[in-house]
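Rule-based calculations on the coordinates, nothing more; no lab input. The structure displayed is predicted, hence computed values, not measured ones. A quick note on method: Cβ atoms are made from the backbone with ideal geometry, for glycine too, and the neighbour counts reach across all protein chains shown.
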Amino acid sequence: MNKNTLFGLIFLSMMLSACSTQHQTYSQQSKADIPANWHQQSQALVVEDNWLQEFKQPFLFKLVQQALTHNQNLLQQAYQLEIEEQRVIVSGATLLPSLDLSVRNSRTKSATPTTYATTSSASLNLAYEVDIWGKLSASQRQANLSYLAQKSSFEQAKQQLVADVVIAWFNSLSAQQLEALYQARVHNAEQNLDIIEQGYQQGLNAALDVYLARNNLHSERSRLTQQQASSLQSSRVLERLLGKYPKGQVPLSAKIPLLENTIPQGLPSELVTRKPELVASWYQLLAKDAALAYAHKQRFPSLNLSASLSDSGEKLSDVFSPSSLAWSLIGSISAPIFNNGKLKANENIAKLTLKQGEQQYLDTLYSAFNSVETAISQESSLAARYQATLAARDNAVIAEQLAFEQYKTGLVTYTTVLDAQGRSFDAQSSLIELKNQLISNRVNLHVALGGDFSAANNITSDQ
């Protein structure tokens with residue numbers, strides 16, 4: 001054994017010894033303060049899927065299907081998911097040898113004397129990096145985890161899109177009902193003004209009552225115009241979610257249901273594995289851990305193997321003639337010696353990015369818990385407010401009728417009538433808004449709990 005071979009073996013053994021200590025990667029979920037039950041939990045039954053059927057709106061189901069098929073933001077996420085899938089393929093290819101074929105044909109001319117020469121050549125090259133330290137495997141693991149994170153993010157995007165469509169649909173219905181209420185108020189104010197003007201002409205009413213009635217009519221018309229603009233805007237928001245041009249022409253013919261039932265809320269510990277947003281955040285954290293492992297192993301030596309088979313001749317037909325084939329087999333080891341701290345800095349960056357990712361995951365986790373707790377408390381609060389407002393509406397409508405009857409007999413002033421009408425109007429509009437808020441909060445609760453809008457994939461996208 002010569003000196004060069006002996007030196008090479010000693011060098012290789014030293015490098016193997018130096019790299020024997022593997023990086024201890026992040027493998028356990030950060031400890032979080034997860035309560036045993038929700039703070040205001042009424043029942044601990046398993047969260048149910050297929051929550052969209054709760055609203056019993058066939059036309060709404062069609063709108064959801066349109067949104068899942070044509071919404072531009074969701075389509076972007078679908079394409080991003082396909083991109084991540086292709087990156088997994090690219091990353092996996094580095095673990096296998098690569099084989100390249102090169103064929104060349106050239107013709108040259110010399111000046112003195114004038115001669116022509118034709119040369120043809122071909123070569124077949126094989127290259128392979130031996131994944132001794134698992135560096136390439138760490139890179140592939142990072143790509144796989146990024147793909148899984150994107151897949152979960154896509155599922156969360158579908159859940160959120162369906163929720164947004166449902167909320168926008170009922171917002172449009174609510175705006176339509178408010179517009180109808182404002183239209184009725186305008187009609188009522190016109191009738192009141194007509195009666196008061198007739199009474200003034202007969203000397204039964206004061207001029208102040210006429211001016212107050214006219215002021216009330218113009219105020220009601222102003223509210224109606226504003227509500228018509230709001231109705232148009234609500235329709236446009238819904239159309240954009242459907243991936244359509246915002247014409248503001250969505251057909252509306254349904255009624256807003258009153259949700260009086262409660263839904264199973266499950267346990268906080270189940271939310272971690274059920275909600276796609278949290279699953280995606282966890283996969284992102286694991287991907288950053290894999291990136292740290294890759295950055296650490298970049299400081300290790302690389303073992304590369306290459307082989308080539310080539311031939312050349314004056315004619316392309318002579319290429320790869322068995323009598324003149326040339327071949328070579330090369331093995332090489334390269335190791336970073338001095339790079340001014342670049343690789344160590346990259347590893348530190350990956351380590352800090354992982355720590356940052358841990359905090360991002362905890363922030364996402366606690367935000368998810370907060371969304372559930374808020375929606376649960378809001379549901380009970382909105383239900384109590386609705387019942388109180390319903391009683392107030394009934395009394396306000398009766399008081400409005402009595403006030404106007406008493407005004408016509410001279411028992412009360414017209415300001416009393418206006419006050420009663422205002423209370424009645426506020427109670428009726430609040431009732432419509434509260435019913436819509438109950439639905440919006442219920443939808444947000446379903447999304448916060450991680451329940452799927454479809455149990456049997458009967459409403460799916462065409463991605």
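Every helix of 4 or more DSSP H residues in the chain counts as -39500 (n - 2.57), and over all residues that averages to -22500 deg cm²/dmol at 222 nm.
Working note: Karplus 6.51/-1.76/1.60 with θ = phi - 60° gives the range 360-373 the couplings 5, 5, 4, 5, 5, 5, 5, 5, 5, 4, 4, 4, 5, 4 Hz, where Gly and Pro are set to x. Taking 0.36 nm per residue of sequence separation and removing the Cα-Cα distance, the Val103/Ile83 pair yields an extension gain of 4.0 nm.
Among the listed values (i) 42, 29, 17; (ii) 75, 30, 18; (iii) 35, 24, 22, the one computed from these coordinates for semi-axes √(5λ) of the Cα gyration tensor in Å is (ii).
Tell me which chymotrypsin sites (Phe, Trp or Tyr not before Pro) from the range 125-155 have a DSSP coil assignment and no more than 12 other beta carbons within 10 Å of their own. Display every interim value, and only then the final one.
Values: sites: Tyr128, Trp133, Tyr147, Phe154; in loops: Trp133.
For chymotrypsin sites (Phe, Trp or Tyr not before Pro) across the range 125-155 that sit outside H, G, I, E and B with at most 12 neighbouring Cβ atoms in 10 Å, the list is empty.
Per-residue extension of 0.36 nm, minus the Cα-Cα distance of Asn261 and Lys344, leaves a gain of 24.0 nm for this segment. In terms of packing, defined here as the mean over residues of other Cβ atoms within 10 angstrom, the peptides 438-449, 421-432 line up highest first as 438-449, 421-432.
Between the C-alpha center of the range 198-270 and that of the range 101-120 there is a gap of 85 Å.
Charged neighbours of Leu390, selected by a Cβ distance under 13 Å, balance to 0 (K, R count +1; D, E count -1). Between Val397 and Glu48, the contour length at 0.36 nm per residue exceeds the alpha carbon distance by 121.6 nm. 3J(HN,Hα) couplings calculated from phi for the range 292-305 with the Karplus curve 6.51 cos²θ - 1.76 cosθ + 1.60 (θ = phi - 60°) are, in sequence order, 5, 4, 5, 5, 5, 7, 5, 7, 8, x, 10, 10, 10, 10 Hz; Gly and Pro show x. The orientation-averaged projection of the convex hull spanning the C-alpha atoms of the range 148-267 amounts to 12.3 square nanometres.
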